[in-house]
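Participant: Dumping the structure here so I can ask a few things about it.
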2 protein chains.
Amino acid sequence: MLIGQSGGATAVINASLIGALEAALDSGKVGRILGMRHGIEGVLKRDFIDLTSLSQERRNLLRLTPSSALGTGRYKVTPDDLDPILDQLARDDVRYLLYIGGNDSADTVHKLAMHAARRDQNLAFMSIPKTVDNDLAETHHCPGYGSVCRYIANFTRDAIYDTFASPQLYAVKFIEVMGRDAGWVTAAGALAMTGDEADLAPLLLLPERPPRDTDEIVALIKDDVARRGWSVVVVPETLQDASGRYVGGDTPNFVDSFGHEYYASPGAALSQVLTSAGLRARYDKPGTSARMSNVMASSVDLAEAEALGAEAARLAIAGETAKMTALRQNDQGGMDIVAVPVERVANRVRLLDDAFIGVDGHSVTDAFHDYALPLLGPDP
Amino acid sequence: MLIGQSGGATAVINASLIGALEAALDSGKVGRILGMRHGIEGVLKRDFIDLTSLSQERRNLLRLTPSSALGTGRYKVTPDDLDPILDQLARDDVRYLLYIGGNDSADTVHKLAMHAARRDQNLAFMSIPKTVDNDLAETHHCPGYGSVCRYIANFTRDAIYDTFASPQLYAVKFIEVMGRDAGWVTAAGALAMTGDEADLAPLLLLPERPPRDTDEIVALIKDDVARRGWSVVVVPETLQDASGRYVGGDTPNFVDSFGHEYYASPGAALSQVLTSAGLRARYDKPGTSARMSNVMASSVDLAEAEALGAEAARLAIAGETAKMTALRQNDQGGMDIVAVPVERVANRVRLLDDAFIGVDGHSVTDAFHDYALPLLGPDP
């Protein structure tokens, strides 16, 4: 069996790795379990780590350790890579390949599984979901999301009580978060304030409700300050307006030697615009710690990540292929683990549900609180 | 008795408030205890909160609550303010004024105490130290610093393990932190990695060892990447080079309507420079959560903040004035609380000790670990 990790490292991706590893060991049907270094590139380079005899003590530590123990990557498999990868897997007599990642990783698994079938190669491929962005189709939520929710909710709460204590210094605070094209991580900022603190909820700038332009954002925040005396605004790092322009600036402020374009931070850009408009503003950017912190990791998230990894290993050994393990809510409100065709996940993006977005477009509904709060664990 | 809070809110400033309040109540010698809203401006505006009958339950909650319960401020007292403030205090029959804050606040206390003496006004002034910047003279360390150390150490650790797992995506990560002109908060990043993880320590850009120019920083980081394959760099938000130019750019990229100058973020600026030089780089900016997080607050820090507040109240009632309570290390390595003349603290800045800075200028010594690690509490 060969296991890989792909995309951004998280607080719980190693729990999925250990879940899969231990299920494979427990099955008694897998002679050797390898990890690929830095994702699928590890296969092309034949860069493996043997995990078979990892001690129980090391496994228990790794289960709770953030980051990506195997090393991670974002290599996009090309059609020309498929045969070399499958040839390499055949040479190493790999029978099961498990890949932990998001929709790009699901696409890799899908392509490899289809190509292996065309070649009549007997090889089971399973995808294990992982992304703090929570944007995978066919699963109630994704491992990593509960922990990032807990982090962003607490971070936003800190920013709100700080701003509330000194609005005359900085009336406006932006919190710039991850989340790509979906507003799930942004929405987590609203989990900070419930019940009798609901009046202190932050404003959310959601990709699902793009602002017409920067002027609309300024007007929105000015209204909020007029009403509350301060405003805390959660903004995705890649926010675009309704016409597709990046709020950080409609031309990249920098293009690197590989042609990658870098847009100015929307937090930085909006802080300047607001300050020009007479409201002193600044921004925070929690960055990688949000998806990596073991202090803030949710115990529910850790347990689910491990269970999804374990079930993927069991299903692969039982003969399933081209599936992703997923969470489905049962009638009691708990989570069942199911397997879904990986092609229904590959390269698709699940946006924040309409039912989770408040009518004003800048808040979340009670339904979102009901959806997300249990993911943070017993001590949100 | 009148109590105020000033400067940036922290995770432990309310512990000092409760310490002072309860010591005053316990003394049986203070009839009424008021809080000023938003610092000394609260006196000028006669904006007070009566704390005398705050319930034990509320006090216990507030003791552990971050932010600044009274509201905070950064108003700089002018010579023309002194008489109006002292007149107001006389009208309200204030006998003791306690002010929780940093060196600016100590200066306010110093000026008021001197002017009250000139007027023969019978009024005791005490300063209670508070700053995550840890830059106050005459005290071993400052309340707020232990908690920010715990936060920044963990944040840096997360960034290091993330970068370590995927150096091919981003080889370089900057972490932009607070700390004004001193490197104490920056140095906290190095507490992340000790013992057999010492090889994973971040690079520190310390104000006490300013880089000659940006080229020197680029060369330093390139060397680090050549050696380790990646680099994580902790940088103060106000970093200047040896000639006093802001590393974020030597001209402000923005001046607001009040004439405040805004320099580009050094994290953003250096990320661009490094990426241009062929090393993909990005930055995180933990911002206010670093000084506000109750999850990351150090239990040692909370206890010291409360004790320093309580002792200030007791000393004021006993007739002391123009002093600040401070921590002094005793022969057993523990901390004693002493009182120091506030004029020796006012407007002075304590830089990071030379003995705490490594010979390379970008690391800390064992002496710094010995100094700072105990402040993080039993579970760093």
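Participant: Mind telling me which of the residues A:128, A:152, A:217, A:221 ends up being away from chain B (no Cβ under 14 Å), of a type outside the set (Asp, Glu) and touching a Gly at 6+ places or on another chain (Cβ under 6 Å)?
Facilitator: After ruling out the rest, the residue left standing is A:128.
Participant: Scan segment A:303-323 for residues that are aliphatic (A, V, I, L, M), under 25 Å from residue A:148 (Cα atoms) and buried (at least 24 other Cβ atoms within 10 Å of the Cβ) and jot them down.
Facilitator: Within segment A:303-323, A:305, A:308, A:312 meet the criteria.
Participant: So which residues in segment B:213-249 are at pLDDT below 95 and either more than 16 Å from residue B:267 (Cα to Cα) or outside the structural domain of residue B:286 (by TED's automatic domain parsing) (or both)?
Facilitator: Residues satisfying the conditions are B:242, B:243, B:244.
Participant: For segment A:304-336, give me each residue that is within 26 Å of residue A:31 (Cα to Cα) and without any contact (Cβ under 8 Å) to a residue 24 or more places away in the chain.
Facilitator: A:318, the sole residue that qualifies.
Participant: Regarding segment B:23-37, can at least one residue be identified that is assigned by TED's automatic domain parsing to the domain that holds residue B:304, in a helix (DSSP H, G or I) and either crowded, with 24+ Cβ neighbours inside 10 Å or in contact with a strand residue (DSSP E or B) (Cβ under 6 Å, 6 or more places away or on another chain) (or both)?
Facilitator: So far as segment B:23-37 goes, yes, one or more of its residues are assigned by TED's automatic domain parsing to the domain that holds residue B:304, in a helix (DSSP H, G or I) and either crowded, with 24+ Cβ neighbours inside 10 Å or in contact with a strand residue (DSSP E or B) (Cβ under 6 Å, 6 or more places away or on another chain) (or both).
Participant: Return the total of residues in segment B:257-293 being at pLDDT below 90, buried (at least 24 other Cβ atoms within 10 Å of the Cβ) and part of a strand (DSSP E or B).
Facilitator: 0
Participant: Quick check on this structure: which one of A:151, A:170 is in contact (Cβ under 8 Å) with a residue 40 or more places away in the chain, assigned by TED's automatic domain parsing to the domain that holds residue A:360, over 12 Å from the mean Cα position of the chain (by Cα) and surrounded by fewer than 22 Cβ atoms within 10 Å (Cβ to Cβ)?
Facilitator: Of A:151, A:170, the one residue that is in contact (Cβ under 8 Å) with a residue 40 or more places away in the chain, assigned by TED's automatic domain parsing to the domain that holds residue A:360, over 12 Å from the mean Cα position of the chain (by Cα) and surrounded by fewer than 22 Cβ atoms within 10 Å (Cβ to Cβ) is A:170.
Participant: With A:163, A:108 as the choices, which residue is within 14 Å of another protein chain (Cβ to nearest Cβ) and either modelled with pLDDT under 95 or buried (at least 24 other Cβ atoms within 10 Å of the Cβ) (or both)? Spell out how you get there, then give the answer.
Facilitator: Values: A:108 fails: within 14 Å of another protein chain (Cβ to nearest Cβ).
After ruling out the rest, the residue left standing is A:163.
Participant: Just one of the numbered conditions (1) within 12 Å of chain A (Cβ to nearest Cβ); (2) closer than 23 Å to residue B:294 by Cβ; (3) among the hydrophobic types (A, V, I, L, M, F, W, C); (4) in contact with a helix residue (DSSP H, G or I) (Cβ under 6 Å, 6 or more places away or on another chain) is not true of residue B:174; which one?
Facilitator: It fails just one condition, (2).
Participant: Another one. Out of all the residues in segment A:296-331, which are under 24 Å from residue A:65 (Cβ atoms) and assigned to a loop (DSSP other than H, G, I, E, B)?
Facilitator: Once the filter is applied, which keeps residues that are under 24 Å from residue A:65 (Cβ atoms) and assigned to a loop (DSSP other than H, G, I, E, B), segment A:296-331 yields A:296, A:297, A:298.
Participant: Which one of these does residue A:58 not meet: (1) within 14 Å of chain B (Cβ to nearest Cβ); (2) in a helix (DSSP H, G or I)?
Facilitator: All conditions are met except number (1).
Participant: Sticking with this structure for a sec: Among the numbered criteria (1) crowded, with 18+ Cβ neighbours inside 10 Å; (2) under 26 Å from residue A:75 (Cα atoms), which one does residue B:222 miss?
Facilitator: (1)
Participant: On to the next question. Say whether the condition of being of a type in the set (A, V, I, L, M), within 14 Å of chain A (Cβ to nearest Cβ), under 30 Å from residue B:199 (Cβ atoms) and over 16 Å from the mean Cα position of the chain (by Cα) is met by at least one residue in segment B:350-359.
Facilitator: No, because not a single residue in segment B:350-359 is of a type in the set (A, V, I, L, M), within 14 Å of chain A (Cβ to nearest Cβ), under 30 Å from residue B:199 (Cβ atoms) and over 16 Å from the mean Cα position of the chain (by Cα).
Participant: Take the residues in segment B:39-55 that are assigned to a strand (DSSP E or B) and surrounded by 15 or more Cβ atoms within 10 Å (Cβ to Cβ), then tell me which one is nearest to the other protein chains (Cβ to nearest Cβ). First the steps, then the outcome.
Facilitator: To start, the set of residues in segment B:39-55 that are assigned to a strand (DSSP E or B) comprises B:48-50.
Among the residues that remain, those that are also surrounded by 15 or more Cβ atoms within 10 Å (Cβ to Cβ) are: B:48-49.
Numbers: B:48: 16, B:49: 13 Å.
Across segment B:39-55, the extreme among qualifying residues is B:49.
Participant: Here are the criteria: (1) modelled with pLDDT under 95; (2) farther than 19 Å from residue A:123 by Cα; (3) buried (at least 16 other Cβ atoms within 10 Å of the Cβ). Tell me which single one residue A:78 does not satisfy.
Facilitator: Here residue A:78 clears every test but (3).
Participant: I need every pair where a residue in segment B:88-99 that is under 16 Å from residue B:50 (Cβ atoms) has its Cβ under 9 Å from the Cβ of a residue that is aromatic (Phe, Trp, Tyr), sequence separation at least 6 or different chains.
Facilitator: B:92/B:48; B:96/B:125; B:97/B:125; B:98/B:125
Participant: Can I ask one more? Mind checking whether some residue in segment B:337-349 is touching a residue at least 40 places away in the same chain (Cβ under 8 Å), closer than 21 Å to residue B:206 by Cβ and either buried (at least 21 other Cβ atoms within 10 Å of the Cβ) or away from chain A (no Cβ under 13 Å) (or both)?
Facilitator: There is at least one residue in segment B:337-349 that is touching a residue at least 40 places away in the same chain (Cβ under 8 Å), closer than 21 Å to residue B:206 by Cβ and either buried (at least 21 other Cβ atoms within 10 Å of the Cβ) or away from chain A (no Cβ under 13 Å) (or both).
Participant: What are the pairs with Cβ atoms under 9 angstrom where one residue, in segment B:284-295, is more than 7 Å from every other protein chain (Cβ to nearest Cβ) and the other, located anywhere, is surrounded by fewer than 24 Cβ atoms within 10 Å (Cβ to Cβ) and of a type in the set (Val, Ile, Thr)? Sequence gap at least six, or different chains.
Facilitator: So the pair list comes out as B:294/B:65.
Participant: Search segment B:26-44 for residues that are on the phi > 0 side of the Ramachandran plot and pair each with any residue that is part of a loop (DSSP other than H, G, I, E, B) when their beta-carbon atoms are under 7 Å apart and the residues are at least 6 apart or on different chains.
Facilitator: Every condition considered, the pairs that remain are B:38/A:168; B:38/B:71; B:38/B:72; B:38/B:73; B:39/B:6; B:39/B:72; B:39/B:73; B:39/B:75.
Participant: Is there a residue being outside any helix (DSSP H, G or I), under 20 Å from residue A:297 (Cβ atoms) and at pLDDT 95 or above anywhere in segment A:177-194?
Facilitator: Within segment A:177-194, one or more residues are outside any helix (DSSP H, G or I), under 20 Å from residue A:297 (Cβ atoms) and at pLDDT 95 or above.
Participant: Looking at residue A:64, is it within 14 Å of chain B (Cβ to nearest Cβ), surrounded by fewer than 20 Cβ atoms within 10 Å (Cβ to Cβ) and in contact (Cβ under 8 Å) with a residue 60 or more places away in the chain? Working first, answer last.
Facilitator: Numbers: within 14 Å of chain B (Cβ to nearest Cβ): yes; surrounded by fewer than 20 Cβ atoms within 10 Å (Cβ to Cβ): yes; in contact (Cβ under 8 Å) with a residue 60 or more places away in the chain: yes.
In short, yes.
The values are calculated or read from the model by the stated rules, or taken from the named source; none is laboratory data. The structure displayed is predicted, hence computed values, not measured ones. Positions of Cβ are backbone-derived with ideal geometry, glycine not excepted, and every protein chain shown enters the neighbour counts.
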